[in-house]
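Just so it is clear, none of the values below were taken in a lab; they were calculated from the coordinates. Everything numeric in this text was worked out from a predicted model, so none of it was measured. Heads up, the Cβs are rebuilt from the backbone with ideal geometry, glycines too, and the neighbour counts pull from every protein chain shown.
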Amino acid sequence: MNEMFSIAGKVAVITGAGGVLGGSVARSFVKAGAKVVALDLRQEQLDARVAELKELGGDVIGYVGNVLDIESLENTAKQIVEKWGRIDILLNIAGGNLPGATLNPDQHIFDMKISDWEKVTNLNLNGTVYPSIVFGKVMAEQGSGSIINMSSMTAYSAITRVPGYSVSKAGISNFTQWLAMEFAMKYGDKVRVNALAPGFFIGDQNRAVLLNPDGSLTDRSKKVLAKTPMNRFGDINELNGAIQFLCSEAASFITGVVLPVDGGFSAYSGV
């Protein structure tokens, strides 16, 4: 690989590593020669992921951690630095949605379960902010590092039925820009913060709203594809190259961006 795009030897912390997206990125980073620190709240999923990554020949460690528990994150950061001396990359992958914060087609905002709204907004937004503060402090002190957050198409314009997810992802986009400014102005041009805004990918969390039980497209899927010039859903692995690019020296003058990986969804007016 061109050295400009290399992340070999970099210490990369991945939250939500036990999940589908976290696992995809972790495998990609191991293959690219990065040292991977897998974080997940679920012990069983974490153990399985670490074992899988080690089978690929990766230099991997795993920690059970809660992205909403700053003390736990601080203890993890201390252990990582004691083991590998530094933290070069943070990938804030942990996040998600809940049924109570998602409206059915015949429901109204007044029907939303407030407790699920609070859980979703807390997980997505604070679950990005807290790790960024804790692991970002290490980067600021060492004078270099790259943080990648996960925004969404819901942050660009209103998408029906997912109010909690939309609001929290819009907050992540704004926080990405704010933290990029803060780090660059106070800690130098080697500490960067960017985000990806994935388009539509069929996964466990959204499968029921995008596919009917027989595998055919739902009306919602048909609307998505009608506004996606590439006329298809993305493959989760198609996020990996963009993430690696933003973490590499090839992106050394890029900070504060929210990069769409969406098949043209965000660019197309629908007309």
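What full-extension length gain, to one decimal in nm, is calculated for ILE254 and LYS83 as 0.36 nm per residue of separation minus the Cα-Cα distance?
Stretched fully, the ILE254-LYS83 segment lengthens by 58.6 nm.
Based solely on C-alpha atoms, express the radius of gyration and the Dmax of the chain in angstrom.
Every Cα atom of the chain included, Rg and Dmax give 18.3, 55 Å.
Under the Karplus relation 6.51 cos²θ - 1.76 cosθ + 1.60, θ = phi - 60°, what is the ordered set of whole-Hz ³J(HN,Hα) values for the range 227-236, x standing for Gly and Pro?
Each residue of the range 227-236 in turn: 9, 10, x, 6, 6, 7, 7, x, 9, 4 Hz.
Counting only other residues whose beta carbon sits under 12 Å from that of THR176, what net charge do I get with K and R as +1, D and E as -1? Walk me through the intermediate numbers first.
Details: positive: LYS169, ARG192; negative: GLU182.
Within the 12 Å Cβ shell, the charges total +1.
Hey, what did the range 148-195 get for relative contact order, percent, Cα under 8 Å, at least 6 apart? Don't skip to the answer; put the middle values down first.
Values: 49 pairs, mean separation 19.7, N = 48.
Across the range 148-195, relative contact order equals 41 percent.
Which shape class, rounded, prolate or oblate, goes with the range 62-199 when its Cα gyration tensor gives a ≥ b ≥ c as root eigenvalues, a/c under 1.5 marks rounded, and past that a/b bigger than b/c marks prolate?
Details: a/c = 3.07, a/b = 1.82, b/c = 1.69.
The shape class here is prolate.
Under 8 Å for C-alpha pairs, at least 6 residues apart: give me the relative contact order for the chain, rounded to a whole percent. Present the calculation step by step, with values, prior to reporting the outcome.
Working: 525 pairs, mean separation 48.2, N = 271.
Here the relative contact order equals 18 percent.
Net charge near ALA242, counting Lys/Arg +1 and Asp/Glu -1 over other residues with Cβ under 13 Å of its Cβ? Don't jump to the answer; show the numbers that get you there.
Working: positive: none; negative: ASP235, GLU238, ASP262.
The answer is -3.
Once amide H atoms are built 1.01 Å from N in the peptide plane, which residues 5 or more positions from VAL261, or in another chain, come under 5 Å H to H?
ALA197, GLY199
What net charge do the residues around SER144 carry, taking every other residue with its C-beta under 12 Å from that of SER144, with Lys and Arg at +1 and Asp and Glu at -1? Present the calculation step by step, with values, prior to reporting the outcome.
Working: positive: LYS10, ARG86, LYS190, ARG192; negative: ASP88, GLU141, ASP189, GLU249.
So the environment of SER144 carries a net charge of 0.
Within 10 Å of each residue's Cβ, count the other Cβ atoms and sort PHE29, PHE183 from fewest upward.
Details: PHE29 26, PHE183 23.
Ascending number of Cβ neighbours within 10 Å: PHE183, PHE29.
Return the sequence-ordered ³J(HN,Hα) values of the range 179-194 in whole Hz as given by the Karplus equation 6.51 cos²θ - 1.76 cosθ + 1.60 applied to θ = phi - 60°, using x for Gly and Pro.
So the Karplus estimates, Gly and Pro as x, are 5, 4, 4, 4, 5, 5, 6, 10, 10, x, 7, 8, 10, 10, 9, 9 Hz.
Could you compute the FRET efficiency for ASP235 and GLU182, with r as their C-beta to C-beta distance and R0 at 35 Å, rounded to 0.05?
Details: r = 34 Å, r/R0 = 0.98.
FRET efficiency, ASP235 to GLU182: 0.55.
For the pair VAL271/ASN104, report the inter-label distance in nm, with labels modelled 7 Å from Cα in the Cβ direction.
Here the answer is 3.6 nm between the modelled labels.
Per DSSP H run of at least 4 residues, take -39500 (n - 2.57); add these up for the chain, divide by its residues and hand me the 222 nm value, nearest 500 deg cm²/dmol.
Values: 9 runs with 109 residues, N = 271.
Taking each H run of at least 4 residues, the total per residue is -12500 deg cm²/dmol.
Given R₀ = 30 Å, what would the calculated FRET efficiency be for GLU71 paired with SER115, taking r from the Cβ atoms and rounding to 0.05?
0.80
Could you list LEU211, LEU246 in order of exposure, starting from the residue whose Cβ has the fewest other Cβ atoms within 10 Å? Don't skip to the end; give the middle numbers.
Working: LEU211 16, LEU246 23.
Going from sparsest to densest Cβ surroundings: LEU211, LEU246.
Each residue of the range 129-146 in order: what ³J(HN,Hα) in whole Hz does its phi give by Karplus 6.51 cos²θ - 1.76 cosθ + 1.60, θ = phi - 60°, with x for Gly and Pro?
Running phi through 6.51 cos²θ - 1.76 cosθ + 1.60 with θ = phi - 60° gives 5, 5, x, 5, 5, 5, 6, x, 5, 4, 4, 4, 5, 8, x, 7, x, 9 Hz.
In what order do SER28, SER248, SER216 fall by count of nearby beta-carbon atoms within 10 Å, going from fewest to most?
Fewest to most other Cβ atoms nearby, the residues stand as SER216, SER28, SER248.
Classify the range 149-219: rounded, prolate or oblate, from the alpha-carbon gyration tensor (a ≥ b ≥ c, eigenvalue square roots; a/c under 1.5 rounded; otherwise prolate if a/b is larger than b/c)?
Details: a/c = 4.53, a/b = 2.71, b/c = 1.67.
Cα axes put the range 149-219 in the prolate bin.
Considering the chain as a Gaussian network with a 10 Å cut-off on Cα pairs, which listed residue, TYR165, TYR187, TYR63, attains the greatest mean-square fluctuation?
TYR187
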